[in-house]
Amino acid sequence: QVQFVESGGGLVQPGGSLRLSCVASGRLFRPNVMGWYRQAPGKQRELVAVINSGGSTNYVDVVKGRFTISRDNAENTVYLQMNNLKPEDTAVYYCKVSFLGTNYWGKGTLVTVSS
């Protein structure tokens, strides 16, 4: 099994920053892809950013230039630095790890952007 420790969510004002962290542990080694997804109330879960084991990244258009994904392969940890946050970024953010053809999901951390 794979366990996750997600942290960094919270309440922030528009224009503020947060850094999400996700540590994956258990029966995996150097996951192929690690990433962040989000789900806002009443909406479907969507991809935010992903990064593969080689460091290549992909972002949804609405966060490009504001969010940065990174990973520490030695610690199986993925980060999401979120700057210039907007109210529409409010959502539960989920960590996802892909390993040997299986996707594993964290329980999510809530990010609320509000004045």
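The values are calculated or read from the model by the stated rules, or taken from the named source; none is laboratory data. Not measured: the values here are computed from a predicted model. FYI the Cβ positions are ideal-geometry reconstructions off the backbone, even for glycines, and counts take in every protein chain you see. Remember, those area values only see protein heavy atoms, side chains included, never the ligands or the DNA or RNA. Shrake-Rupley method; radii C 1.70, N 1.55, O 1.52, S 1.80 Å.
Restricting to segment 29-59, give me the number of residues that are under 15 Å from residue 111 (Cβ atoms) and either in contact with a Ser or Thr (Cβ under 7 Å, 6 or more places away or on another chain) or not in a strand (DSSP E or B) (or both).
Applying the first criterion (under 15 Å from residue 111 (Cβ atoms)) to segment 29-59 yields 36-41, 43, 45-46, 48-49.
Subsequent filtering for residues that are either in contact with a Ser or Thr (Cβ under 7 Å, 6 or more places away or on another chain) or not in a strand (DSSP E or B) (or both) retains 40-41, 43, 45, 49.
So the answer is 5.
Within segment 61-75, residues that are on the phi < 0 side of the Ramachandran plot have Cβ atoms under 9 Å from residues that are among the acidic types (Asp, Glu) in these pairs: 62/88; 62/89; 63/89; 66/89; 67/89, counting only partners at least 6 apart in sequence or on another chain. Among the residues making up segment 59-73, those that are more than 12 Å from the chain's Cα centre (by Cα) and more than 23 Å from residue 12 (Cα to Cα) are 72, 73.
Condition (residue is within 18 Å of residue 103 (Cβ to Cβ), surrounded by 15 or more Cβ atoms within 10 Å (Cβ to Cβ) and at pLDDT 95 or above) applied to segment 8-17: is it met by at least one residue? No, segment 8-17 has no match at all. Scanning segment 74-89 for residues that are in a loop (DSSP other than H, G, I, E, B) and either under 9 Å from the mean Cα position of the chain (by Cα) or at pLDDT 95 or above (or both) yields 83, 84, 85, 86.
Number of residues in segment 34-59 that are open to solvent by 70 Å² or more (accessible area, probe 1.4 Å) and over 24 Å from residue 2 (Cβ atoms): the value is 3. The residue pairs whose first member lies in segment 1-16 and is in contact (Cβ under 8 Å) with a residue 40 or more places away in the chain and of a type in the set (Phe, Trp, Tyr), whose second member is in a loop (DSSP other than H, G, I, E, B) and open to solvent by 30 Å² or more (accessible area, probe 1.4 Å), and whose beta carbons are closer than 9 Å, counting only pairs six or more residues apart or on different chains, are 4/107. Cβ-Cβ contacts under 9 Å between residues 6 or more apart (or on different chains), taken from a first residue in segment 83-107 that is basic (Lys, Arg) to a second residue that is part of a loop (DSSP other than H, G, I, E, B) and surrounded by 14 or more Cβ atoms within 10 Å (Cβ to Cβ), are listed as 86/66; 96/106.
In the set 92, 62, only one residue is open to solvent by 70 Å² or more (accessible area, probe 1.4 Å), closer than 25 Å to residue 112 by Cβ, modelled with pLDDT of 95 or more and not in a loop (DSSP other than H, G, I, E, B); that residue is 62.
Being charged (D, E, K, R) and part of a strand (DSSP E or B) is the filter here; which residues of segment 1-28 pass it?
First, the residues of segment 1-28 that are charged (D, E, K, R): 6, 19, 27.
Within segment 1-28, 6, 19 meet the criteria.
Out of segment 15-28, which residues are farther than 14 Å from residue 108 by Cβ and touching a Ser or Thr at 6+ places or on another chain (Cβ under 6 Å)? Correct list: 23 only. The single condition among (1) open to solvent by 60 Å² or more (accessible area, probe 1.4 Å); (2) at pLDDT 95 or above; (3) small (Gly, Ala, Ser) that residue 70 does not meet is (1).
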